[in-house]
Amino acid sequence: ARELAGWHEIQGRPDPYGLLLRLGDNEAVLARAHERVRQGVAARERIAPAAEWLLDNYYLIEEHIRLSRRHLPRGYSRRLPRLSNGPNRGLPRVYAIAIELISHSDGRVDLENLNRFAVSYQGVAPLTLGELWAIPIMLRLALLENLRRVAARIEGSHRECHLAGQWVARMLAKKGPTDLVMVVADMVRANPTLSAA
C-alpha cells in the first residue's frame, strides 16, 4: 500500500462517467459468460466448478450491479481525485486502491486487511474524506471487476472445450484411417488454440 501511494499521481480533470462505463462493460462480459455456461448446461456439456458457481450465483451478481448503479450516480465520483498514471489512469484513486487490495488478497477482503491497507496507504498519501466514504462502493465495483476476469476465463475455457468436443466428434464419426487423417488435416489448417482442452 505504501509503494502504491508513492507511485500514484493525481490529475485535476474529473471524468464522472468512467466508472459507469466500466461497470457497463463488466456487466456485459458477465452476462455473456453466464449465457454461454447456461447454454452449455442445456446442451448437457460438462462445466467447471467456477462455471457452476457463476450459474448458481448470477442473481447475486446482478443484484450487486444494480446496487452499484444506484449508489454510483453520475456526479458521485466527480469530486474524487483521479489518477494520471498507471493502468487505472483517469479513474478515481480510491477505485485503484480497491482493485489493488482485492488482487493482493485474492478477493478475500475483511475489515482488518482493509484497515491495514488504508492506514499504510495514508502513511504516504492521505485520502480525502470523500474517498474514505467511497471505499464500500469502490470495493463492490472492484469485486465485480475481479468477477469479470474470472468470467472471461470461464467463457474462454468453455469455448475451447466446446471446440475440442466438436473436433473429437468429427474424428469419431469417420470410418477409416484416410477419413481420420483428412479431419486431422482440417484441424491443423484451422489452427485452433493449443490449450488443455
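No lab work stands behind these numbers, since they all come straight from the coordinates. Keep in mind that this is a model prediction, so the values were computed, not measured. We place every Cβ from the backbone using ideal geometry, glycine too, and count neighbours over all the protein chains shown.
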**Prompt:** If you wrap a convex hull around the C-alpha atoms of segment 1-66 and split its volume per residue, what is the figure in Å³?
**Reply:** 129 Å³
**Message:** Which of the three applies to segment 72-127, rounded, prolate or oblate, going by the alpha-carbon gyration tensor with a ≥ b ≥ c and a/c under 1.5 meaning rounded?
**Reply:** prolate
**Request:** Can you list which of the trypsin sites (Lys or Arg not before Pro) found in segment 1-83 are DSSP loop residues with at most 12 other C-beta atoms within 10 Å?
**Result:** Arg44, Arg46, Arg74
**Asked** Efficiency by 1/(1 + (r/R0)^6): what FRET value for Val124 and Arg79, r their Cβ-Cβ distance, R0 = 25 Å, to the nearest 0.05?
**Response** 0.70
**Request:** Could you list the residues of segment 136-152 with an amide nitrogen less than 15 Å from a label point located 7 Å from the Cα of Arg70 in the Cα-to-C-beta direction?
**Result:** 137
**Message:** Using helices alone, I'd like the mean residue ellipticity at 222 nm for the chain: each DSSP H run of four-plus residues gives -39500 (n - 2.57), total over residue count, nearest 500.
**Reply:** -24000 deg cm²/dmol
**Request:** Return the long-range amide H neighbours of Arg82 (sequence gap of 5 or more, or a different chain), with a cut-off of under 5 Å between placed amide H atoms.
**Result:** Gln11, Arg93
**Item:** Relative contact order computed over the chain (Cα-Cα under 8 Å; 6+ residues apart), in percent
**Value:** 32 percent
**Prompt:** Per the Debye formula with a single identical scatterer at each Cα and no solvent contribution, what log10 I(q)/I(0) holds for segment 20-145 at q = 0.12, 0.20, 0.21 Å⁻¹?
**Reply:** -0.53, -1.18, -1.25
**Message:** Can you compute the modelled spin-label distance between Arg89 and Leu55, with each label point 7 Å from Cα toward Cβ, in nm?
**Reply:** 4.2 nm
